[in-house]
Amino acid sequence: MYVSSNLVFLRNKEHKSQNDIADAVQIGRGSYSQYERGRSMPPMEVLLRLADIFKVSLETLVRKNLATMNASQLDEIFNAHLKNAKGLNLRILPISVGNDNLDNVELVPKKAKAGYIGGGHEDADFISELVQFRLPMLPTNQKFRMFQIEGDSMYPIPDGSYVLGSHVHNWFSVRENNAYIIITKEDIVFKIVTSKPSAQTADPSLTLTSLNKLYAPYDLKLEEVLEIWEFSLFMSSDLPEPEQEAPIGEILNEIRGLKREFIALKLGLNDKK
């Protein structure tokens, strides 16, 4: 194993001190120093945090000797998340098919969310246990999956609605001002993508916006993304709430305000004559 030498290599590459890394991992500098010297092995939870900080896989951190690699090999490792986003190194998406060998649509309800983002999204057995169905109007040359959403950030689409999406292979093909179901390492979110990166961006991210204006837009790094599904339709048993008309008093106040502005403007013009 190459944990100790890799930690030194990666820390120097980032121009960080031992204190910087120890603080980021939330351990003491003395403990971290022991890891770099090879006198002790980090526990699994610390190894995972270190891999996240240095943006390498756990296998790379433990089993690959980075100090002996050439520039192209290192570039391959450090830009792996960009290649994944371009669809170059993506895993095979587990799916379910019917007796006619055509894809089913799998349903991921709220209660299955934690399992899905926790590894179920790449587990064929987990996918096979989800509810499966067909919708006749869907094109057969795309892969579809349905997710149950939570919260009111996409209101007027109600909490608990079922949102159908088609799988996006190349994340840089995401279109701005379109809606997507985005599977991250922490959550399943349904948002409008209002800004996207180019394939040349060093640290690419998406700007995500809600339909409900009470929620502020935010940026999501592509390295946090597991899957992206382009919105197709939603299903809900709740009727949308009717639009609320403004009270008559508010309308009259608006009219009075416009009238005052008009009079002021007219008087100003008369004074100039």
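The values are calculated or read from the model by the stated rules, or taken from the named source; none is laboratory data. Since we're looking at a predicted model, the values are computed, not measured. Using ideal geometry, Cβ is built from the backbone for each residue, glycine included, and neighbour counts are taken over all protein chains shown. For accessibility, only protein heavy atoms count, side chains too; no ligands or nucleic acids. Shrake-Rupley method; radii C 1.70, N 1.55, O 1.52, S 1.80 Å.
Residues being farther than 18 Å from Leu233 by Cα, in a loop (DSSP other than H, G, I, E, B) and open to solvent by 60 Å² or more (accessible area, probe 1.4 Å): count how many of those fall in the stretch 105-150.
Of the residues in that region, 3 qualify.
Which condition number in (1) open to solvent by 60 Å² or more (accessible area, probe 1.4 Å); (2) farther than 30 Å from Val174 by Cβ; (3) assigned to a helix (DSSP H, G or I); (4) at pLDDT below 90 is the one that Met1 fails?
So Met1 meets the others, but not (3).
Please go through (1) hydrophobic (A, V, I, L, M, F, W, C); (2) at pLDDT 85 or above; (3) more than 22 Å from Ile182 (Cα to Cα) for Leu58 and return the number of the only condition it doesn't satisfy.
(2)
Going residue by residue through the stretch 63-83, is there one that turns out to be surrounded by 16 or more Cβ atoms within 10 Å (Cβ to Cβ), modelled with pLDDT of 85 or more and assigned to a helix (DSSP H, G or I)?
Yes, some residue in the stretch 63-83 is surrounded by 16 or more Cβ atoms within 10 Å (Cβ to Cβ), modelled with pLDDT of 85 or more and assigned to a helix (DSSP H, G or I).
How about the stretch 185-238: which of its residues are of a type in the set (Lys, Arg) and closer than 13 Å to Gly165 by Cβ?
The first filter runs over the stretch 185-238 and keeps only residues of a type in the set (Lys, Arg), leaving 185, 191, 196, 213, 221.
Correct list: Lys191 only.
For the stretch 4-40, give me the residue count where each residue is within 24 Å of Asp75 (Cβ to Cβ) and part of a loop (DSSP other than H, G, I, E, B).
3
Please go through the stretch 102-140 and give me each residue that is among the β-branched types (Val, Ile, Thr) and touching a residue at least 60 places away in the same chain (Cβ under 8 Å), ordered by number.
Once the filter is applied, which keeps residues that are among the β-branched types (Val, Ile, Thr) and touching a residue at least 60 places away in the same chain (Cβ under 8 Å), the stretch 102-140 yields Val108, Ile117.
Residue under question is Ser153, and the condition is that it be open to solvent by less than 50 Å² (accessible area, probe 1.4 Å), among the hydroxyl-bearing types (Ser, Thr, Tyr) and not in a strand (DSSP E or B); does it hold?
So Ser153 fits the description; yes.
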